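Throughout, read-outs are computed from the coordinates displayed, never taken from laboratory work. Values in this document were obtained by computation on a predicted structure and should not be read as measured data. Backbone-built Cβ (ideal geometry, glycine too); neighbour counts: all protein chains shown.
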Amino acid sequence: MNADDLPSLRDELEVHDLWAKKSLGQHFLLDMNITRRIARATGNIAGKAAIEVGPGPGGLTRALLEVGADPLIVIEKDARFLPLLEPLVDWSGGRLRIYNEDALKAEEAALLGDERVLVVSNLPYNVGAPLLIKWLKAGPWRGDMVLMFQKEVAQRIVAKPGQDAYGRLAVLAQARCDARLEFIVPARAFTPPPKVASAIVQLTDRADPYPHLDALERVTAAAFGQRRKMLRSALRALTPDTEALITRAGLAPTARAEEIDQSGFRALADAWRAQNAT
């Protein structure tokens, strides 16, 4: 099947008199060369289940169906786009399932049954990071992810200790996944063009995912909340006895959050959990 046989995305938007809603962080990706490149970044997904959030007019949806995603579950909050997406159900031979709901509230496991799925999305800018955190915490239904974010957010996800972009998002994402920036998408590729570039990030499940992400969230919130301060000062939001907590984690009280690697934050989260269990 070839998506070039379908009406153009730009024509579809004009026929239905649709425009991007700033309140929903919408920027349409109409260039099928780029959407196909995103679909190819998933590897061979022919016959495999996938979820896409915020498909809008369906550019990436077409590309994912073209490479054989089966089924492809799309979650779209904006009902205006349903008339553009619904014809793709027949075009794909019924491989497309459409759900008109808010992805932040969606219970993906209920939509999927026992299927483990790849998550592939050009995420709306205003919910990209919250959706990533939600999926990092997800159960066994969630497989690897190929996601588009604002370039700045993407850099924060893949950052390493000592880099300016390193922070909570990097620690949380890399606690569960190996994160790699695949390629940059310029602002001019979108309609309307945003003020910033975007980037594709591939997140592949780690062999040793850290199981206590809630604890890691608490620890990183405190540590990076005052990132220029030493841990013994920054962690007072967690406990008055910061020295004991840090010592239990095997870290230096004079270290700063930006210097602590994944294993260090895991040790700190474990120490905080142990301290609160007594």
Legend entry - Where Rh is the Kirkwood radius over Cα pairs, Rg/Rh for the stretch 100-146: 0.93
Inset, instruction - Determine, from the Cβ-Cβ distance of ALA109 and SER8 and an R0 of 41 Å, the FRET efficiency 1/(1 + (r/R0)^6), rounded to the nearest 0.05. - result: 0.70
Inset, instruction - Determine the percent antiparallel among the DSSP beta bridges restricted to the chain, to the nearest 5. - result: 55 percent
Legend entry - Under-5 Å amide H pairs with ARG206, H placed in peptide plane, nonlocal only: CYS177, ASP178
Legend entry - Three-way shape call for the stretch 109-251 based on the alpha-carbon gyration tensor, with the a/c threshold at 1.5: oblate
Legend entry - Percentage of interatomic Cα-Cα distances in the chain larger than 30 Å: 35 percent
Legend entry - Ellipticity estimate at 222 nm from DSSP helix runs (n ≥ 4, -39,500 (n - 2.57)) divided over the chain, nearest 500: -10000 deg cm²/dmol
Legend entry - Violating pairs (Cα-Cα greater than 20 angstrom) within the set LYS160/LYS195; LYS105/LYS195; LYS134/LYS229; LYS105/LYS134; LYS22/LYS195: LYS160/LYS195; LYS105/LYS195; LYS134/LYS229
Inset, instruction - Compute the convex hull volume of the Cα atoms of the stretch 1-144, divide it by the residue count, and report the result per residue in Å³ as a whole number. - result: 101 Å³
Inset, instruction - Go through the stretch 197-213 residue by residue and turn each phi into a ³J(HN,Hα) via Karplus (6.51, -1.76, 1.60, θ = phi - 60°); whole Hz please, and just put x for glycine and proline. - result: 6, 10, 8, 8, 10, 9, 10, 9, 3, 6, 6, 10, x, 7, x, 9, 5
